[in-house]
Structures are given as structure tokens and as C-alpha cells.
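Read through the structure below, which is laid out as C-alpha cells, and then see the notes.
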Amino acid sequence: MKPWWSIPIGVLLGLIIAGILIYSTSPSRGKAVELHIPPTAAGMTVHIAGAVNHSGVYTLPIGSRVNDAITLAGGAKDEAYLDSLNLAAAVKDGQHIFVPWSYTTPTATKSPKITPTASKSPFININFATQAELESLPGIGAVLSQRIIAYRTRYGAFKTLQDLLKVYGIKPATLQLIEPYVVVEP
């Protein structure tokens, strides 16, 4: 009869030999996967149009302002209405910057037959615009135009363009769409 401890020792030796065989015959694991951080964008691409010397698509450094974009497009033309833009606003990638044209009133002449007439401004005054004029703006339909009129009737004239965000349904994106086409005058 064999001693009782010979069975557990035999099992233990068998497991050790099996482990050595599995380890020695298994394929190598290879190198660890290295993750590389993709390079960041060198700039932002914007579309500049309107009363600038060279309309087009430009790449600006990150952190640029609207004024930088206009300068890159060759500067504003003499007929540009820059007061309608926030020249210090930060530029976003993919943004469309439209520099509106300024329209001046003709001067009076010495001829008594001709009287000066004001030319129609290309901008819509939010405080006096009709529903049809408001609906002509991008992103403003019948419902939003009615809400704008109802808001100004109830609360009075808008003081800034940002006040339009108080009208239910007008989001910052909508305000950005209509900003080049509207003014707020009392």
C-alpha cells in the first residue's frame, strides 16, 4: 500500500507540469497598444461675405475675433455698416460672418423741385416691423413673428437685440441668423 500523501503530491506535480507546458507552448502576447492623441486643429474655418474687400472662406487661429476675420478678408469697404456687428465677438468654427452694407440718405440739392427722400434701410427695425417684415427674416415664421409683436405690445420696445431671447421660441442660433438683418431703434 502506498502512503496517503503520494496521491496529492502526484496531482500537484501533474498540475505544475501542465502549467509549464501551457506556458511554454502559448504564443507571445506582442507589444502593448499605444494610443496617440490626434493633433488639434490649427485654426477655425469661417465664411466672410458682404461689404468686405475679398469675400471668401478663411482659416483663422483659435481665439480670433470678428475684427480679425474682417481684416483677413482685406478689410471692410467704405460702404460697410460695421456698427451692426460686434467686432469683439469670438469667432466659431464654421461661422458665416456677413458684413452688411450701409445705406445713407441722399443730400438735399438746391433745386426746389427735388426733395430729399430717405432710402429704404436694408435693416428691419424690430420695434416697428410688421408681421410680413418679420417673416422675411431667416428662421422667423408666422408663429415667431406673432410672438415678437405680442411681446413688444405687452412689454414695450426692445432695448437690445439680446432682448429677443426673452420671446418664447427664439434661441441664440435664431438670433445669430437674424442679427445681420435687424436693428433695434426706439
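Summary table
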item: Matching residues in segment 47-98 - criterion: being of a type in the set (D, E, K, R) and more than 16 Å from the chain's Cα centre (by Cα); result: ASP68, LYS77, ASP78, GLU79, ASP83
item: Which numbered condition ILE20 fails, given (1) in a helix (DSSP H, G or I); (2) within 27 Å of GLN162 (Cα to Cα); result: (2)
item: Subset of segment 130-144 (residues that are loosely packed, with under 12 Cβ neighbours inside 10 Å and either more than 16 Å from TYR181 (Cβ to Cβ) or without any contact (Cβ under 8 Å) to a residue 24 or more places away in the chain (or both)); result: THR130, ALA132, GLY141, ALA142, VAL143
item: Segment 145-177, residues that are in contact with a helix residue (DSSP H, G or I) (Cβ under 8 Å, 6 or more places away or on another chain) and touching a residue at least 40 places away in the same chain (Cβ under 8 Å); result: none
item: Count of segment 135-179 residues which are under 30 Å from HIS47 (Cβ atoms) and touching a Leu at 6+ places or on another chain (Cβ under 8 Å); result: 22
item: Sole residue being hydroxyl-bearing (Ser, Thr, Tyr) and farther than 30 Å from LEU161 by Cβ, chosen from THR59, THR71, THR45, THR25; result: THR25
item: Matching option when the condition is within 25 Å of the chain's Cα centre (by Cα), among the charged types (D, E, K, R), within 24 Å of SER55 (Cβ to Cβ) and modelled with pLDDT of 85 or more, among GLU179, GLU135; result: GLU179
item: In segment 167-176, the residues that are within 20 Å of the chain's Cα centre (by Cα) and either of a type in the set (A, V, I, L, M) or surrounded by fewer than 18 Cβ atoms within 10 Å (Cβ to Cβ) (or both); result: GLY169, ILE170, LYS171, PRO172, ALA173, LEU175, GLN176
item: Residues that are in contact with a Lys or Arg (Cβ under 8 Å, 6 or more places away or on another chain) and crowded, with 17+ Cβ neighbours inside 10 Å, drawn from segment 145-166; result: TYR151, PHE158
item: Residue list for segment 142-162, filter: closer than 22 Å to PHE98 by Cβ, modelled with pLDDT of 90 or more and not β-branched (Val, Ile, Thr); result: LEU144, SER145, PHE158
item: Lone unmet requirement of (1) more than 26 Å from LYS92 (Cα to Cα); (2) free of Cβ contacts under 8 Å to residues at least 60 places away in the same chain for GLU185; result: (2)
item: Given (1) under 25 Å from GLU185 (Cα atoms); (2) modelled with pLDDT of 85 or more, index of the condition ARG65 fails; result: (1)
item: Of all residues making up segment 65-104, the number that are assigned to a loop (DSSP other than H, G, I, E, B) and not hydroxyl-bearing (Ser, Thr, Tyr); result: 17
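The values are calculated or read from the model by the stated rules, or taken from the named source; none is laboratory data. Predicted model only: the values in this text are computed from it and were never measured. Neighbour counts are summed over all protein chains in view; Cβ atoms, including those assigned to glycine, are modelled from backbone coordinates with ideal geometry.
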